[in-house]
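Okay, structure first, notes after.
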Amino acid sequence: MTTELKIYPKVKIAPHSILDSINTKVIVRNENCIACGTCESVCINKAHTRPRGYNTVITLPEKCEFCGKCVENCPMNALSIERNMLMDVMGDSRWTPELIISTWKQASTGSSPTSIECEVGRSGGGFDRLHFKFRDRAVKKEYVDTSIELNKRESGPRIRIDVPWYGGGMSYGSISKNVMLARAIAAKEWNTFTCTGEGGYPEELVPYKDHVITQIATGLFGVSEETIKRARIVEFKYAQGAKPGLGGHLLADKVTPDVAKMREVVPYRSLFSPFPFHSVYSIEDHKKHVDWVRAIKPELVVSAKVSTPSDVDMVAIGVYYAGANIVHIDGGYGGTGAAPNIAKKNIAMPLEYAIPKVHRFLEHEGVRDEIVLIASGGIRSVYDIAKAIALGADGAVIGTAELVALGCRRCGNCESGRGCPLGIATTDPELSCEIDVDWASQRLINLFASWKEQLVEILRKVGVESVEELRGRTDLLRYEGAKI
Amino acid sequence: MKPFHQPPHQMPHSADAPSKSMASQFAVRRGDECANCGLCKRVCIYGVHERLEEDPRFMAPPKQEMCRGCLRCVMECPRNAITVVPNADSDVENIILFEASTGKVPVSGAGYGGRFGGYGFDGIWLDMSEIVRPTRDGIHGREYISTVVEIGRFPPYLKFGDGEVEKSMEELFTIEVPFPILFREVSAMDSVVECILEATSKLGTYMIVSEDTYDAYPSYRDNMLVEVDVESGMMDEQRTITRVEVRSGIEELVYKLFKNGCAIVHLTARGDGRSYDGKFAGDIVESVHDYLMSKGVREVASIVFSGGILKAEHVPKSLILGADAVAIDKPLLIALEYADCLSSDLSIDWGVQRIINLMCSWRDQLLEVLGAMGMRDVRRIRGEKGRAMFMRDLENEFIQNCGFEVHENDDGT
Ligand code: SF4
Ligand code: SF4
Ligand code: SF4
Ligand code: SF4
């Protein structure tokens, strides 16, 4: 295959003075320090330094790798390595502080820190109980293929993406334009996709249109013939995992005049996308939808995003027969937008249960190889992506991980007031300036580079030569015995 | 006779009734290392960090009740002077305080961060209705979703005499509750009890009380049900509810009560939601419901379940397991900040509003769930296990689909 010769986007350090200095541990210097300089000379990472003209030694936390050499050698016992107090307050059981920090580091440097456990979280189920069975006889071949095809039907254009993931729909309004743009740049660099979400198609994205999926959701905000014609892939959002059965919801504060213009609505009024499409009450109606967009642009690849009710397998087969190319199942635990807390955990099944159910069912129906199954909703790392694929998906859609790469710490304040205090999930004109497009896109490129490297490593260690070969290989997974 | 079709129930309006303790979600401290550089003032967009008004050279103590835990100040302070720690074990309480203060549905961004599944209610997911269901009515039709339940004694079949439905039906005791939540009597000061009673009557629901309380508050009798013990033999009297402790093997007992003319059976579990023999009480409610169904008597009387109902999501889940309604007590005390206002400064108006807010919020959340499930009437989810997914089933199916070998232990997953 020709992809072998592909040149991948360059990793460049995309530093962040604050995020880079945060680690799972901290190095503490107490008042016994006599500034002798021993630590400066023993540290191979140059984490201790005496600034010129000062008689004190300071630590540069972002450089420290906690080898402990300075601690051992300090004549005054002035140094110690301690647990970072932030570890107790940041994150949650799905996105552990380790996982957040590791994502930050990957985004800064483009490779994954070996010292941080980021394979699983602590939610006690699903991906967090699945592990790969690594074998000794790893694949020797240099080249491991990580690309997947997004159209497996006979008709329509081939669309191959270089990595088995693409960006999920996050609308302009829920995230800032800068973040959208950064996602699109990274998607183009990695030859994959990002998605507009349901908030219109900002002009700035047009240069990246070959890598932007146009989403058509129930509110039809900002959807026009033009935005459909622009796209190679159109995604119908029937439901979303974070609030299955509830439609979309953008709180009034975030509907700034700019957002309102894009969506053709009145500013500062809460916006609801209804659930469901009021024109779709059956799978035949869904077919009408598919025909409708294909009438506008015949060579479209169509994706249907659905959530995970108990009959998700039936929904998936219906989506197939209606002529869609991609069925995208969105489990409940992900999502970036505002959702009632009661809907996040309690409605529809977790993604991990849904993937094998749909995969097996499509296999039994004999259509598995004509439709692409994409999983999303709670995918945090490349390990999750690989596990989702081993459970039976073709690829995955990510969202939160990209925001974390830009500094999100999952405090959950995105929906209220001015939005995210870090300028990620906000449209507040002042706050959105916190995110610089070049810096942000480089961070996403770095994250993807790190993921790709790890994915190749995983594939080699489980002994398969391409990511397509991994699909449905549950025999390569170990499921930790029932435990709470 | 009551009209066959009831107009949708009007809830009293929710209104702001702020918490007194200003229970802050986070404890924010600024240590002595602080150099008063003012950076934290700049980075915190919620206004937690401000300079001292009387002497702007110094920082004022943080206004921690405004902190949203974004950790920006902690990370950016050049002297590492700030610590932000979530106030422990207050998750459930924080949610109730929010609901009681505002009457709103708690909403947040950034997805779900909790445990994957778990024990009891945590191992149940409600089903939703995807594109292909015909009976869907969108969330905008929620004013048409009914949360009214009827509980009491119902005739097993209609009896006709002279072409009329026979009179004896009138003697059967039924009450209509606007949403499937009753209150339990709490052992607290009189003012607290009065507060809850007043809210009960405003909301149109019922409080389950002892005979003493029934006598002590004659003006609220319309909204009371007197709790009697199984042994007392008074169970077929009007306005009584028969208390049965939840433990394994009570199916036959409840069946007898149903047979012998009891109107409402109150299945009470321990405060942690477990039965008196340590199991998940919901499982026993489920098996009681199934047993009554198999005996063909489920419809003649009603089941109210209490014990461990602390979140709005526990209500629909209890109904799905087979209860007609639930009863709560602890959330009421939390809403009234009972621990914090032991003194007599409980204002009745404030307290009543807090409880109204809590119930408005819970009812709205019930509506969200019913909307997502494609249900237009809460009575239709009673015992509808097909509209829920249980971790035990999903787990088995998952393991089978994937061909995993799992060494089970009986932890309940
Ligand atoms: S080795 Fe110890 S005493 Fe010497 S400069 Fe480092 S911390 Fe201070
Ligand atoms: S407010 Fe910002 S940092 Fe917090 S969870 Fe939302 S995107 Fe992440
Ligand atoms: S940033 Fe730190 S040092 Fe500066 S004023 Fe705030 S607490 Fe003090
Ligand atoms: S954690 Fe965030 S919200 Fe809280 S005080 Fe610090 S900057 Fe403000």
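The values are calculated or read from the model by the stated rules, or taken from the named source; none is laboratory data. As the structure is a prediction and not an experimental result, all values here were calculated from the model. Cβ: placed from backbone, ideal geometry, glycine included. Neighbour counts: every protein chain shown. The accessibility values were calculated without ligands, DNA or RNA, using every heavy atom of the protein model including side chains. Shrake-Rupley method; radii C 1.70, N 1.55, O 1.52, S 1.80 Å.
Side notes on the structure shown:
- In the context of the full protein assembly, B:ASP364 retains an accessible surface of approximately 40 Å², using a probe radius of 1.4 Å and ignoring ligands and nucleic acids.
- With R₀ set to 45 Å, the beta-carbon distance separating B:THR174 from A:SER93 gives a calculated FRET efficiency near 0.50.
- For region A:317-389, the alpha carbon convex hull comes to 104 Å³ per residue, rounded to a whole number.
- Long pairs among B:LYS256/B:LYS279; A:LYS105/A:LYS254; A:LYS105/A:LYS357; B:LYS256/B:LYS330, criterion Cα-Cα beyond 25 Å: A:LYS105/A:LYS254; A:LYS105/A:LYS357; B:LYS256/B:LYS330
- In Å², nearest 10: area of B:TYR214 left accessible to a 1.4 Å probe: 50 Å²
- A full extension of the chain between A:LYS63 and A:GLU149 corresponds to an added length of 26.9 nm, given 0.36 nm per residue minus the alpha carbon distance.
- Distance (nanometres) between label positions extended 7 Å along Cα→Cβ at B:GLU53 and B:ASP16: 1.9 nm
- What the Cβ-Cβ distance of A:SER270 and A:GLU430 gives, at R0 = 22 Å and to the nearest 0.05, is a FRET efficiency of 0.50.
- Cβ-defined net charge surrounding A:TYR353, 9 Å radius [Lys, Arg +1; Asp, Glu -1]: -2
- Loop-located GluC sites (Glu not before Pro) in region A:294-378 (DSSP state other than H, G, I, E, B) with a sparse environment of at most 11 neighbouring Cβ atoms within 10 Å: A:GLU299.
- Annotation: for a label point projected 7 angstrom from Cα along Cα→Cβ of A:ASP253, residues of region A:399-431 with backbone N closer than 15 Å are A:411-431.
- Each Lys and Arg contributes +1 and each Asp and Glu -1, all at the Cβ; summed about the Cα centre of region A:132-479, the dipole is approximately 600 debye.
- Counting only protein heavy atoms and a probe of 1.4 Å, the accessible surface of the protein assembly as shown is 50% carbon and sulfur.
- When all protein chains stay in place and ligands, DNA and RNA are ignored, the 1.4 Å accessible-area order of A:VAL11, B:VAL378, largest first, is A:VAL11, B:VAL378.
- Computed with every protein chain present, the accessible area of A:CYS118 is close to 10 Å² [probe 1.4 Å].
- Summing charges over all other residues whose Cβ lies under 15 Å from the Cβ of A:ALA78, with Lys and Arg as +1 and Asp and Glu as -1, gives -1.
- Projected onto its three principal axes, the C-alpha set of region A:25-83 covers 30, 21, 17 Å, listed from the longest axis down.
- Percent RCO, i.e. relative contact order, over chain A, from Cα pairs under 8 Å lying at least 6 residues apart: 20 percent
- Summing both sides, the accessible surface hidden between A and B at a 1.4 Å probe radius is close to 6800 Å².
- Note that region B:149-394 shows a convex hull volume over its alpha carbon atoms of 144 Å³ per residue.
- Pairs from B:LYS295/B:LYS385; A:LYS177/A:LYS345; B:LYS311/B:LYS385; A:LYS188/A:LYS237 whose Cα-Cα separation, in the structure shown, is over 26 Å: A:LYS177/A:LYS345
- Residues B:SER210 and B:ARG270, FRET efficiency given R0 of 22 Å [Cβ-Cβ distance, rounded to 0.05]: 0.70
- Label-point separation in nm, A:ILE13 to B:ARG392, each point 7 Å along Cα→Cβ: 5.7 nm
- You can think of it this way: the chain between A:LYS133 and A:ASN77 has 15.8 nm of extra reach, that is 0.36 nm per residue less the Cα-Cα gap.
- In loop segments of region A:21-112 as defined by DSSP, the chymotrypsin sites (Phe, Trp or Tyr not before Pro) with at most 16 further C-beta atoms inside 10 Å of their C-beta are A:TYR54, A:PHE66.
- Computed [θ] at 222 nm, helices only, for the protein assembly as shown once each DSSP H run of length n ≥ 4 contributes -39500 (n - 2.57): -8500 deg cm²/dmol
- Here region B:26-87 is treated as a sphere whose radius is the Kirkwood value from Cα pairs; by Stokes-Einstein at 37 °C and 0.692 mPa s it diffuses with a coefficient of 289 µm²/s.
- Where the Cα pairs of region A:1-108 fall when distances are cut into 5 Å bins, in %: 2, 11, 17, 18, 15, 12, 10, 6, 4, 2, 2, 1, 0
- Site pair A:LEU220 and B:GLU405 shows an inter-label distance of 5.7 nm when each label is modelled 7 Å from Cα along Cα→Cβ.
- With contacts taken as Cα pairs under 8 Å and at least 6 residues apart, region A:25-83 reaches a relative contact order of 47 percent.
- Sequence ranges A:394-404, A:461-471, ranked by mean other-Cβ count within 10 angstrom, highest first: A:394-404, A:461-471
- Taking every protein chain into account, the accessible area of the protein assembly as shown amounts to 40 square angstrom per residue (probe 1.4 Å).
- Rounded to the nearest angstrom and listed largest first, the equivalent-ellipsoid semi-axes of the protein assembly as shown from its Cα gyration tensor are 49, 36, 26.
- Accessible heavy-atom area order of A:MET180, A:MET85, highest first, probe of 1.4 Å: A:MET85, A:MET180
- Zero-based 10 Å bins, Cα pair distances in chain A, whole percents: 4, 19, 30, 25, 13, 6, 2, 0
- Computed over region B:306-369, the P(r) curve from all C-alpha pair distances, binned at 5 Å from the origin, holds 4, 16, 25, 23, 15, 10, 6, 2, 0 percent per bin.
- Qualifying GluC sites (Glu not before Pro) for region A:146-239 [loop in DSSP, other Cβ within 10 Å: at most 12]: A:GLU154
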